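What follows is a single structure, written as structure tokens, with notes after it.
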Amino acid sequence: MSPEWWRNAVVYQIYPRSFADADGDGVGDLPGITGRLPALVELGVDALWLSPFYRSPQADAGYDVADYCDVDPLFGSLADFDALIGQAHRLGLKVIVDLVPNHSSDEHPWFQAALAAPAGSPERARYLFRDGVGPGGNEPPNNWPSVFGGPAWTRTTDADGSPGQWYLHLFDTKQPDFDWTNPEVRAEFLRVLRFWLDRGVDGFRVDVANALIKADGLPDVTSDAETNMMSTILTATSGAGDAIVHSGPTSPMWDQDGVHEIYRDWRRLLDEYPGDRMMVAEAWVSPLSRLARYVRPDEMHQAFNFEYLSAPWDAAAILAVIDSSIAVNDSVGAPTTWVLSNHDVVRHASRFGLADLTLRPNGIGATDDQPDAVLGLRRARAATLLMLGLPGSAYLYQGEELGLPEHTALDDDLRQDPTWMRSGQLERGRDGCRIPLPWEADAPGLGFGPTGRTWLPQPESYSALARDRQVGVNGSTLELYRAALATRRERDLGNGALRWVPSAPSVLTFSNGPVTVIANLGDGPVPLPPGELLLASGELVDGALPPDTAAWLVG
Ligand code: NOJ
């Protein structure tokens, strides 16, 4: 792979607990991943990103880390990790791991030491402990809400049983935020980065990269609008773009200018290592011009493009976000990234089937309006073909290559995302996009593991979509992805340049090198542009491109 491989890479996100289970306990694990790597080579991706597999009580599915330099026994051991990365590299796949620097688990030894130490101690100075306000300090230090619902502060109890200080957690109670103004915290994360770099990782996906620094004095959030938006970070009730909310330099907890010097330090460290190690920011920051600050030449290499993910199925909206994404990234010399699904959002095969195209609900339950599965998949396939035709780097989420829908009828009693309880059961949360993958239609647990156990039940629709039902089947979603990825690589589309071709308002047409990409988001069929048809996301009708379909042509 070329130097600066990340500039055009297609990165496949593995959510370890739901990818493949080798030991049969119903939860995916690292040996399970290693065993299935050949399937990813066949798919044709360049790199893997592994969501957290570190020691953790799993209060937020591993985004609550108790030991940053060890593997949770649920997922295996460090030796299993070494085996995984060794095999991935032999197969030509790069490996990116998740880094969770904003908060640890409350079971991290530092937080336990902080609880045992008095107010004002160096142990407490690694986190954000504050006295409460009002009589008896009974009120939280400020009005910040947690992303998962409820207040962002939890009160501690002193050794003598009396109520003590409060600590800040932008997410769950079990995820206390570090104080990143403390040099000890900075030094510790440089150590963590070195630990994984020395083990050979090719990069890091940096969790909530826009949250590490908070405004001096932790001032109240002032506008209602912002408070409301805060709790919709992973959710979204409004139109595309507005939903992306941890943004704005006016917010006291998101996107503070001080975060950038942290990434410049990390970049210097990564640059000491051979082999183009990279970082990708998970930062729900808007507008895109603010996001571009994370990918300036001496900071991170990439940032997820959530504005693209949030765009509704509407040609004008998609065109606008593509143009602005490329423009802002070009302005700092970074590649644009594209993404449609991940472990925090409703899978795009379901999202695009919702009646209201501006909705981005945080999970869908059995009693909610159900997406149109056929329409959703049709649009999802078109959206993917459009995305993979764009220059830059693309992120895929495990299972989208099978066209998996969200599990929209999961029993509420089984939900594990902390959002469900913390929101007072108002937000279903993210379990529906985290269902164990179907590998073999006729095997117990659809081949997820050897025992048939799965930590969440798979919906009935997953059987027909199992991987073995799609391999070699003309027109299957898996074969569409494989063909698109192979063509993208052959034609070097990731390194190309986009040029719009004038089209009807509901049609998107652009060229990328020799390839013309067309997507029909309108209501009627449209003629294909000149050229030889390479790929289409659905059957043509009388030689024309039907609604909700995309195609690639050459020549
Ligand atoms: C973003 C992660 O993607 C999400 O899954 C997690 O809950 C939060 N950050 C907190 O770490």
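Bear in mind that the values in this text are calculations on the coordinates, not laboratory data. Predicted model, so just to flag it, every value in this text is computed and none were measured. Methodologically, a virtual Cβ is constructed for each residue, glycine included, from the backbone with ideal geometry; neighbour enumeration extends over all protein chains shown.
Figures for the structure shown
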read-out	value
Nearest 10 degrees, 0 to 90: helix 315-332 Cα axis against the chain principal axis	60 degrees
Sequence of Cys433, Cys69 once ranked by neighbouring C-beta atoms within 10 Å, starting from the fewest	Cys69, Cys433
Using alpha-carbon coordinates, inclination of helix 477-490 to the longest axis of the chain, degrees	90 degrees
In order through segment 457-465: 3J(HN,Hα) via Karplus (6.51 cos²θ - 1.76 cosθ + 1.60), integer Hz, x for Gly, Pro	x, 8, x, 4, 4, 6, 5, 5, 9
Stokes-Einstein translational diffusion, segment 497-554 - Kirkwood Rh over all Cα pairs, 0.890 mPa s, 25 °C, in µm²/s	220 µm²/s
Translational diffusion coefficient (Stokes-Einstein; Kirkwood radius from C-alpha pairs) of segment 25-129 at 4 °C, 1.567 mPa s, in µm²/s	85 µm²/s
Directionally averaged projected area (convex hull, Cα atoms, segment 320-439), nm²	8.7 nm²
Filtered chymotrypsin sites (Phe, Trp or Tyr not before Pro), segment 394-458: DSSP coil and at most 13 other beta carbons within 10 Å	none
Cα Rg, Dmax, segment 12-63, angstrom units	11.5, 34
Over segment 144-217: Rg over Rh, Cα atoms, Kirkwood Rh	1.06
Under Karplus coefficients 6.51, -1.76 and 1.60, residue-wise ³J(HN,Hα) of segment 495-503 in Hz, glycine/proline x	9, x, 9, 8, 9, 5, 10, x, 9
Per residue, the convex hull volume that the Cα atoms of segment 90-175 enclose (Å³)	120 Å³
Built amide H within the under 5 Å cut-off of Tyr127, gap 5+	Asp179
Longest site-free stretch - the chain; sites: GluC sites (Glu not before Pro), DSSP loop, at most 14 other Cβ within 10 Å	5-271
Residue order, fewest to most beta carbons within 10 Å, for Thr358, Thr367, Thr222, Thr516	Thr367, Thr222, Thr358, Thr516
DSSP-defined antiparallel bridges as percent of all bridges, the chain, nearest 5	60 percent
On Cα atoms only, tilt of 30-43 relative to the major axis of the chain in degrees	30 degrees
Nonlocal amide H pairs with Leu410, under 5 Å, H built at 1.01 Å	Ala366
Semi-axes of the equivalent ellipsoid for the chain, Cα gyration tensor, largest first, Å	38, 25, 24
Calculated on alpha-carbon atoms, Rg and Dmax of segment 428-546 in Å	18.8, 55
